[in-house]
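Some notes on the structure that comes next.
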Amino acid sequence: MAAGALGDGVVTKERKTFSGLPLQPTYGPEDLAAFDPARDLGEPGAFPMTRGVYPTMYRGRPWTMRQFAGFGSPAETNARYRLLLERGQTGLSVAFDLPTLMGRDSDDPFARGEVGRCGVAVDSLVDVERLFQDIPLDAVTTSMTINGPSVIVFALFLAAAERQGVAFTDLGGTLQTDIFKEYIAQREWLFPPRPHLRLIGDLIEFCTAEVPRFHPISVSGYHIREAGSTAIQEAAFTLADGFAYVELGLSRGLDVDAFAPRLSFFFNSHIDFFEEIAKFRASRRTWATWVRDRYGARDERSLRLRFHTQTAGCSLTAEQPMNNVVRTALEAMAAVLGGTQSLHTNSLDEVYALPTDHAVTLALRTQQIIAHETGVADVIDPLGGSYFVESLTNEVQAGVETYLARIDEMGEGSMLEGVLRGLDTGYFVREIAEAAFEEQRRFDAMDLRRVGVNVFDGGEDLAVDMLHIPMETEDAVLAALAGRRAARDEAVAAAALEHLERVARGSDNVMPALLDCARSECTEGEMVAAMRAVFGTHPESIPI
Amino acid sequence: MTNPARSARVRPARVVLAKPGLDGHDRGVRVVARALRDAGFEVIYTGLWQAPAQIAETCLQEDADALGLSCHSGAHMTLFPEVMHELAERGARDLPAFAGGIVAPADVPALATIGIERVFPPGSRLPDIVSWLRERLAMAS
């Protein structure tokens, strides 16, 4: 299509955000007639947290640059981590392969073809030790994207830290653990919802007492957005999940201020610049308001919605992949203007495969340019007070509150029960699928434009190098696992697994039993099997 | 007079859409399922976590006219050939098959040789998928 074909000169044409919110041609004081800066904005780091969760924001410390990485064997991923740290990355983020995410060992028949392919293959303690070899676990913070088996992988991580001689109290990082969004969007769970919630409750308790610097849950909207939700749905469903976890902690007899400061969040930064900034600001304000007014938090730290952001994988295009560098830079800029605490920038080649060293370095450099060259990090909430941004923030918040009221109603006054009910009835899945279909329809109708795909699609695609994971990787992982199964003390491993199953059947905290299994070199799949014997499985419901 | 072959052709074309392996990325397959259904196809979506043999069984039991496979995990070069092998084992080697997901362009020719005739990557338009399948099945009948 020629460039002129898009400038139709019709200025009155209706415009919408990417998520479909109507946009005025301009915004002015009349749009903020009810706006009260003292009430609606406040100071940075103070209620209602609209401007950011810390008084100094990036003047105190830039966001953590944290590239999600993992592929092949633990040794290969360890080399990638050391490359990223050497190039200025400031935190680690582990991507596990699909069998690990689904609680299966590398030699499980269902793992064939998946081992080491979309993340690193981890089966038992030795793998986690190798993954962090020569990386002192008290010197970096480590984020682990794992949900269904998160308590198991955390036990392996703790056991690896022990072997490094690092105290649990010196470990910092984040475990994703958010099982709600698995049923809602990412679709990786092991057990029915209530047993998962018991495990999460055990984890919150254990971390509060033993690993106080670790964030046991990262309440995640990223995957909800990638599954096709709107910006409002992403924020609303994520906050609903967060409130459900607060109610879970309260139901275990914990004080809200004892664990709410350890909840963290994870959002998507999509391509609509201002809508995303509004989403981040509205989410902060909604969280602070609910946690203070509904759950009675008194500690200001409980009111701080601290979040990691990843740029939108689903906004990248296979066509003209170099364009993805530009998209990612703009999405990263929105995350920074929205006040993120840490950031992953996607690599240009991730629409095809895991990124190459070259591509991931360019993605990291993108963040470094934003942080150190553009000056956008020098002033806190630089868009605060903008007629447009404040209007859009209000509008997103109103949309979010409507969804929250609906979920609260489904739970008859309990957000925890409301979310569980929404899982049972397929409410969330249907809402998101509807939005995904609408987005595709707008794309097909050219109402949503993607450069290089449905507009400006001429010219030659530059070929990009691609990371190839050879089948030999899987063979090597399987051989190593077979060797370890043969070498360990079978009686010790069996006793640890038997003990785990007994604890799962009762009501004691499972974490100590899992730690014993990890130290005894039990595999992840074996620990899952022991718990599955007690908890059962959960079938997928398939509404289209 | 009833003609079994003719009445068989009058029914809407039946398409099995399947997710082999452990991959849970089902946004694409759900959108395509809905578009094909809206376009008059009868769609049987298997849901997640299907073994290759299960998918082949479903195609036979449902008397499928076509099979669409979706994979975003990178395991397509293992799983898709296994599905096609299981189909061939059951005498359904010629079932028209297509795919969607994260598939490197370099893998597309190899998939074509095992009978995955088209790959629709992210960014594909629904009308293109619908019209390709219509033409492909018109050719077959």
If you average the C-alpha positions of the range B:23-74 and of the range A:256-309 separately, how far apart do those two centres end up, in angstrom? 38
Is the shape of the range A:99-203 best called rounded, prolate or oblate, per the rule: a/c under 1.5 gives rounded, else a/b larger than b/c gives prolate, else oblate, with a ≥ b ≥ c the square roots of the Cα gyration tensor eigenvalues? oblate
Let me know the longest stretch in chain A that avoids all trypsin sites (Lys or Arg not before Pro) found in a DSSP loop with at most 11 other C-beta atoms within 10 Å. A:14-297
No partner Cβ under 4.7 angstrom, meaning no disulfide-compatible partner by this rule: which Cys of the protein assembly as shown qualify? A:Cys118, A:Cys207, A:Cys314, B:Cys59, B:Cys71
Rounded, prolate or oblate (a/c below 1.5 giving rounded, otherwise prolate when a/b exceeds b/c) for the range A:427-503 by Cα gyration tensor: oblate
If one computes the Cα centroid of the range B:100-128 and of the range A:326-383, what distance in Å separates the two points? 30
Mean per-residue count of partner chain Cβ within 10 Å for A:105-115 equals 4
Taking only DSSP H segments of four or more residues, each worth -39500 (n - 2.57), what value at 222 nm results for chain B once the sum is divided by all its residues, to the nearest 500 deg cm²/dmol? -13500 deg cm²/dmol
Compute the relative contact order of chain A as a whole-number percentage, counting only Cα pairs closer than 8 Å that sit 6 or more residues apart in sequence. 19
Shape of the range B:13-130 from its Cα gyration tensor (a ≥ b ≥ c, root eigenvalues): rounded if a/c is under 1.5, otherwise prolate when a/b > b/c, or oblate? rounded
Restricting to Cα pairs under 8 Å and 6 or more apart, the percent relative contact order of the range B:13-130 works out to 27
To the nearest 500 deg cm²/dmol, what mean residue ellipticity at 222 nm is calculated for chain A from DSSP H runs of n ≥ 4 alone, each contributing -39,500 (n - 2.57), summed and divided by the residues? -14500 deg cm²/dmol
Around A:Thr208 (Cβ within 13 Å, Cβ-to-Cβ, excluding A:Thr208; K/R +1, D/E -1) the net charge comes to -2
Compute the length gained on full extension between A:Asp378 and A:Leu23: take 0.36 nm times their separation in residues and subtract their Cα-Cα distance, giving the result in nm to one decimal. 124.9 nm
Lysines with Cα under 22 Å of A:Lys16, excluding same-chain neighbours fewer than 8 positions away: A:Lys279
Magnitude of the Cβ-charge dipole of the protein assembly as shown, K/R +1 and D/E -1, about the Cα centre, nearest 20 debye? 780
Within chain A, what's the longest stretch lacking GluC sites (Glu not before Pro) that sit in DSSP loops with no more than 15 other Cβ atoms inside 10 Å? A:15-372
Quick one: if you stick a label point 7 Å off each Cα along the C-beta vector at B:Met139 and B:His85, how many nm between them? 2.7
Of all trypsin sites (Lys or Arg not before Pro) in the range B:41-141, which ones are in loop regions per DSSP and have a Cβ with at most 14 other Cβ atoms within 10 Å? B:Arg90, B:Arg93
Beta bridges per DSSP with both ends in the protein assembly as shown, % antiparallel, nearest 5: 5
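Rule-based calculations on the coordinates, nothing more; no lab input. On a predicted model such as this, the values are computed, not experimentally measured, just so you know. As a convention, Cβ positions derive from the backbone with ideal geometry for all residues, glycine included, and neighbour counts pool all protein chains shown.
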